[in-house]
Amino acid sequence: MFVNLSKLNLREECPLTDKGAPKLCMKALPGEGAERSCAFDGARVVLMPITDVAHVVHGPIACAGNSWDNRGARSSGAQLYRRGLTTDLMEMDVVYGGEKKLVQAIIEIAAKHRPKAVFVYATCVSALIGDDLESACRQAQAQVPVPVIPVNAPGFLGDKNIGNRVSGEVLFQHVIGTAEPEEIHPFAINFIGEYNIAGDLWGVQPSLEAIGVKLQSCISGDARFDDLRTAHRAKLNILVCSKSLTNLVKQMEKKYGIPYIEGSFYGIHDTSNTLRAIAEAFGDADLIARTEAHIQKKEAETRAVIAPYRQGLEGKRAVLFTGGVKTWSMVTTLKELGIEVLAGGTQNSTPEDFLRMKALMDPEAHIIEDTSAAGFLTLIKEKAPDLIVAGGKTKYLAHKTRTPFLDINHGRSLPYAGYDGMITFAKAVARTVFSPVWEKMRQPFPAGGDAQ
Amino acid sequence: MTATAFAPRSYTGNPQKNSPALGATLAYMGVDGLLALLHGSQGCSTFIRLQLSRHFKEPVPLNSTALLEDTAIFGGWEHLKKGIAKAADKFKPRIIGVMSSGLTETFGDDMESAWSTLRQERPDLSDLPVVLAKTPDYVGSLQEGYQRTALALVETLAKDPAPQDAKTVALFPGVHLTPADVEELKDMVSLFGLTPLVLPDISTSLDGHSELDPAPVVQGGITLEEIRRIPGCVAAFSFGPSMAVVGEALQRMHGVPHMAVHSLTGLEAVDIFVLKLCQISGRPIPERLLRQRSRLLDTLADYHDQIGRKKIALALESDLLLSLAGCLAEFGAVIQTALAATAPDPSAVPPGIPVIVGDLEHLEETAVGSHLIIANSNARQAALPLKIPHLRAGLPVFDRAGMPQTVWIGYRGTQRFLIDCLNAMAV
C-alpha cells in the first residue's frame, strides 16, 4: 500500500567519501536529540500550502492537533488550507479500524467546506492498524464531486525529505496534467518548492511581471488546485527549494519535456542569477535584454537601500543553523551584508547542498554534524558569533546564549525573498545585531548589588 | 440550562486538543535536570517542541527514540533501550522521563521490560531514575497526558517513605496553570508559613529567565531530593479535577491527607483554599490576602454591570474551562457555550455550566451572538469572521505576548482575569 520506495530511490546514497566528510544522510539515532521531523511533516510542508483544498489527516490527535496552521505559508485568497481537519482516531478506531470513519469524514468535509479537492494524509497509527488509504479514498470518491487524493507518507517512513518526495509523486500522479489552461503563455514557468512563507513568493512576483514571465503555478505556495492541474503546460520548472522535489521536476521533464533549472531568491546575487537563468533558458533575446535591464536597475536600487546596513554589519561573523537550500543560499545573502559565515550545517541538506555551501564559505568554516541542542550550544560557545541564523526550533535556546538571532524558517513573519525581501532581511539582521538587549543580558547586576 | 451534545461527526474540525504526549512533556518540564524522551517517530517530538516553544517562548528539551519503518514491523523495544542509554550517556540527565506515543502503544511496546532489561545490561545506569508514562495519542488530550505523567512521577520518584515535616505541603498544579500561576500559588502557601513542594513546578523552568548556562536538560523545576520529601508532607492539594488522582495516589501510598481543589479562580473557590490553609498552618488569613480579596470585591462592585448577563463562549481543556466558566457564572455572566476538549468528570461541573465536548468548528456554530470568546489562539479562525472579541487562554497562545506570565488564580489573579475579560470586550 505504500509508495514503492525503490522506484523513488528514497534511500539516497551519500557520495561524499572524503575523509572527514560530514554524515549528511545519517539516520537519526534514538535519544541523541537530533531535532528532525518525519515523513508526514514533509508531506504536509509541500501540500498544505495549497489553499483551496481540504487537508484531512487520518490519525489520532497528535499529528493534526499539535501542528495545524503552524506554518507561515500565506494565501492571497482561500483560507481553507489553514483549517485543521482530522479523523481524530480514538481507542476503538485503533482496535476496529478507522477506514469507515475516514470515508464518512471525507464525505462530510466535502459537503461542509466545498473544497476544490480533498487531500488525505496517512499517519503512523492509521498505517499500522492497516487502514487502506487508497481504498478509502476510492470509496469516498464515489460520493464526492471533487478529487479525493491519498497521501501515503506516515511518519515512520523516514525523514522530512522522504515526505517531500512522496508529495511530489502525489502531485505528479493525481494533479498535474489533469486540466488544460485557457491560454499558453510563451514564457510560462512553475516554481517548485516555493512555499510562500511569510509571503516570500510575493517578493519575487514583481520581478517576473517586470520581465514578462508568467507564473503558471507555484508548487506549492499560495497555490490554487486548478492552477496546479495545468502545471504541465509551463515551459520551464524552477526548483527553488533545492532538492526536496527533484523527483517531481525530473518526472515532469520526462513526461512533458519541461526542462528545469535550480534557483534561489534569497539575496541579491541569487535572485539576479536565477532571473538571468530563467531568461537564458528561454533563449529569447528580448527577454534576456529585459531581464538584464531589470537586474541592473533592481540591484542598484537594492544596494543603495541596504548600504547603510551593510556598513554597520561589515566584518560581523555568523553561524548558520538551518535546513536545505537555505544553507548555501544564506551564505551568499549574508556575504552581501559583509557578514562572514563561521559555521554552517543542517540535517536536511543533501551532499550537493553541502558541497555548494563549503565552496562558498571560508575554508576554515565548520560544518555542523551534531544538530542536537547540545551540539548547538557547544558550537556557539566555541565560535562566539555576532549572529545566529536558524529556525524557530533553535530560537529560544539561541536567546539563552545572549547572541543576536534571526529566524529564517517557516515560523517567521517577514518575507526575505527577492530584491524587496533582501531589504527586509538586511533590516531584520541589523535590528537584531544592533539591539541593545544583548549587551544588557551579558552585563552583571550593576555594582553595589552585593552591599550589606 | 441543559447542554445537548452535537450531532455526531466523523471528523474533528480545528481541534482544540493537543496530544497527550504534549501534556506529558509539559509535566516533565517541571522537574529539574530531567530529559524527556518520546518513544515514537521523530515528527511526534518535533511538533511538540514547536507547539510548546511558540507558546512559552522557551527551548523545550525533548528527545525522541526516532522510530522508522523497520520498527513499525518489529516493534520499538530495542530503540527505547538505545534511546535511554544514549540520552543518559550523552546528556547526563538526573532523571529520564519517557512517554509513549500512538505508534508505540499501537504495537504494544512494553516500556517496563525494556527498561528493566537495559538496567541489567548496563548496571552503571541502574541508579538512574527513569519515569515511564503511557500516553497513547488516541486517548485524551494534553490534560490527560499531563495527568498520567504527574501520576507516574509521584508513583516512581516518591514511592519511598520520608520523614514527616509538619510545615511542608505537596501541591499538584494542573496543566491549566501558567508558570506565573504556579508561582502565585507558591507565594500564597508561603504566606501561611508553609513550605510548598510543587510537582511539577514549571514556575522556575518555563518562566522565561535568562539563565547562565543553557543546557539540553530541564533547568529549574522541582528537584529529585524535593520530590523524595513529598511522602513526608503534612497535606497535599491537587488543583483541577483531573489532578485529583495524583493526590489520591499519594494519600493511598503514604497516608498524606489530600484535598482536591477544583478551581483557584473565583471568590468562593479561593476562599475554600485559603480557609484550608488556615486550618493546616494554624495561622490567621494573612493581611495581604485579605487586602487582595477586598480589592477583588471592589472591582466586582465597580464592573458588575459590565459583566452581568454578558454571554460568554468558551472552548478550553476541561480543568481550565470549568475554572474560568465557574468564575464568570459566579459573577453574573451567562455561559452561552462551554466546549471541553475532553469530557470532564460530571461531578466536577458547577451547576449552570452547559459543558459539551467539542472542537473549534463547534465554537464557530455555538459562539454566534456571544459577547466574548475565551479560547486558544487557534480560535481566531472562529472569532474573526464572527467579529467577537477573543480573549486568549489555554494552549497554544502564540499571537499575544505574555501568556506564560499571566496570573488568573488567587484573589489577585481572579481580579486580573475579570479585568482582562472586560478589556477584551471593551474593544
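The angle separating the long axis of helix B:244-254 from the principal Cα axis of greatest extent in chain B is about 50 degrees. In the elastic network of chain B, a GNM with C-alpha springs shorter than 10 Å, the most mobile of B:Phe417, B:Phe237, B:Phe107 is B:Phe107. Expressed in Å, the radius of gyration and Dmax of the Cα atoms of chain B are 21.5, 68. For A:Gly31, the residues whose amide H sits under 5 Å from its own are B:Ser64, B:Thr65, B:Ala66, ignoring neighbours fewer than 5 places away on the same chain, with H placed 1.01 Å from N. Each 10 Å bin from zero up to the one holding the largest Cα-Cα distance in region B:1-156 carries the following percent of pairs: 11, 40, 33, 11, 4, 1, 0.
Of all aspartates and glutamates in the structure, those lying under 15 Å Cα to Cα from A:Lys250, and not within fewer than 8 positions of it along the same chain, are A:Glu169, A:Glu262.
Translational diffusion coefficient of region A:86-128 at 37 °C, 0.692 mPa s, Stokes-Einstein with Kirkwood Rh over Cα pairs, in µm²/s as a whole number. Estimated diffusion coefficient is 294 µm²/s.
Compared with the dominant Cα axis of chain B, that is its longest principal axis, helix B:42-56 is turned about 40°. Region B:284-357 and region B:361-394 have their alpha-carbon centroids 17 Å apart. Averaged over peptide B:31-44, the number of partner chain Cβ atoms lying within 10 Å of each residue's Cβ comes to 5. Backbone N atoms of region B:305-327 closer than 18 Å to the 7 Å Cα→Cβ label point of B:Asp345 belong to residues B:317-324, B:326.
Sorted fewest first by neighbouring Cβ atoms within 10 angstrom, A:Ile261, A:Ile295 come out as A:Ile261, A:Ile295. Enumerate the residues in region A:119-158 having an amide nitrogen under 20 Å from the point lying 7 Å beyond the Cα of A:Lys254 toward its Cβ. So the set is A:152. Enumerate the amide H contacts of A:Thr322 below 5 Å, restricted to partners 5 or more residues apart or on another chain; note that Pro and chain-start residues carry no placed amide H. Amide H to amide H, under 5 Å and 5 or more residues apart or across chains, A:Thr322 pairs with A:Gly345. In terms of overall dimensions, region A:188-296 has a Cα radius of gyration and Dmax of 12.9, 36 angstrom.
Scattering from region B:185-247 was approximated by placing one identical point on each alpha carbon and applying the Debye formula without solvent; log10 I(q)/I(0) at 0.15 1/Å stands at -0.58. Averaged over the residues of peptide A:53-60, the number of Cβ atoms from other protein chains lying within 10 Å of each residue's Cβ is 3. Dipole size of the protein assembly as shown about its Cα centre, with +1 on Lys/Arg Cβ and -1 on Asp/Glu Cβ: approximately 940 debye, rounded to the nearest 20.
Checking the Cα-Cα distances for A:Lys400/B:Lys134; A:Lys440/B:Lys86; A:Lys112/B:Lys57; A:Lys395/A:Lys440; A:Lys214/A:Lys316 against a 27 Å cut-off, the pairs over it are A:Lys400/B:Lys134; A:Lys440/B:Lys86; A:Lys112/B:Lys57; A:Lys214/A:Lys316. The Cα-based radius of gyration of region B:168-288, divided by its Kirkwood radius, gives an Rg/Rh of 0.97. Here the Karplus curve 6.51 cos²θ - 1.76 cosθ + 1.60, taken at θ = phi - 60°, turns the phi angles of region B:406-417 into couplings of 6, 10, 10, 10, x, 5, 5, x, 4, 4, 4, 4 Hz, with x standing for Gly and Pro. Of A:Thr123, A:Thr424, A:Thr333, the sequence from fewest to most neighbouring Cβ atoms within 10 angstrom is A:Thr424, A:Thr333, A:Thr123.
Cross-link check: pairs A:Lys100/B:Lys17; A:Lys393/B:Lys17; B:Lys17/B:Lys90; A:Lys116/A:Lys393; A:Lys160/A:Lys297 evaluated at a Cα-Cα cut-off of 28 Å; pairs beyond the cut-off: B:Lys17/B:Lys90; A:Lys116/A:Lys393; A:Lys160/A:Lys297.
Once the Kirkwood radius over Cα pairs is known for region B:345-427, the Stokes-Einstein relation at 20 °C and 1.002 mPa s delivers a diffusion coefficient of 153 µm²/s.
Length gained on full extension, B:Leu275 to B:Leu384, computed as 0.36 nm times the residue gap minus the Cα-Cα distance: 35.0 nm.
The convex hull of the Cα atoms of region A:35-175, projected and averaged over all directions, covers 7.9 nm². A simple spin-label model places the labels of A:Glu292 and B:Glu365 6.4 nm from each other, with each point 7 Å out along Cα-to-Cβ.
Equivalent-ellipsoid semi-axes (√(5λ), Cα gyration tensor) for region A:367-452, whole Å, largest first? Let's see the in-between values first.
Values: eigenvalues 155, 71, 21 Å².
Equivalent ellipsoid semi-axes, largest first: 28, 19, 10 Å.
Here the sum of -39500 (n - 2.57) over DSSP H runs of 4 or more residues, divided by the residues of chain B, equals -13500 deg cm²/dmol at 222 nm, to the nearest 500.
Placing R0 at 25 angstrom, the Cβ-Cβ distance between B:Ala401 and A:Lys427 gives a FRET efficiency of 0.70 after rounding to 0.05. When the GluC sites (Glu not before Pro) in region B:124-222 are filtered for DSSP coil states and for at most 15 other beta-carbon atoms within 10 Å of their beta-carbon, the remaining sites are B:Glu211.
Here the label points at B:Lys311 and B:Met253, each 7 Å from Cα along the C-beta direction, are separated by 4.8 nm in the simple model. The fraction of all Cα pairs in the protein assembly as shown landing in successive 10 Å bins from 0 to the largest distance is 2, 12, 21, 25, 21, 12, 5, 1, 0, 0, given as whole percents. Between region B:56-109 and region A:181-197, the alpha-carbon centres lie 42 Å apart.
Per residue of B:14-27, what is the mean number of Cβ atoms on other protein chains within 10 angstrom of that residue's Cβ?
Working: counts 8, 10, 3, 9, 5, 8, 4, 2, 4, 0, 0, 0, 0, 0.
Mean shielding by partner chains, rounded to a whole number: 4.
Here B:Cys44, A:Cys241 are placed in order of increasing Cβ neighbour count within 10 Å, fewest first, which gives A:Cys241, B:Cys44. Dipole magnitude for chain A: about 480 debye, using +1 per Lys or Arg Cβ and -1 per Asp or Glu Cβ, origin at the Cα centre. Calculation over all alpha carbon pairs of chain A in 20 angstrom steps from 0 returns a P(r) of 24, 54, 20, 2, 0 percent.
Bear in mind that the values in this text are calculations on the coordinates, not laboratory data. Bear in mind the structure is a predicted one, so any value in this text is a computation, not a measurement. For neighbour counting, all protein chains shown are included, and Cβ atoms are generated from backbone atoms with ideal geometry for every residue, glycine included.
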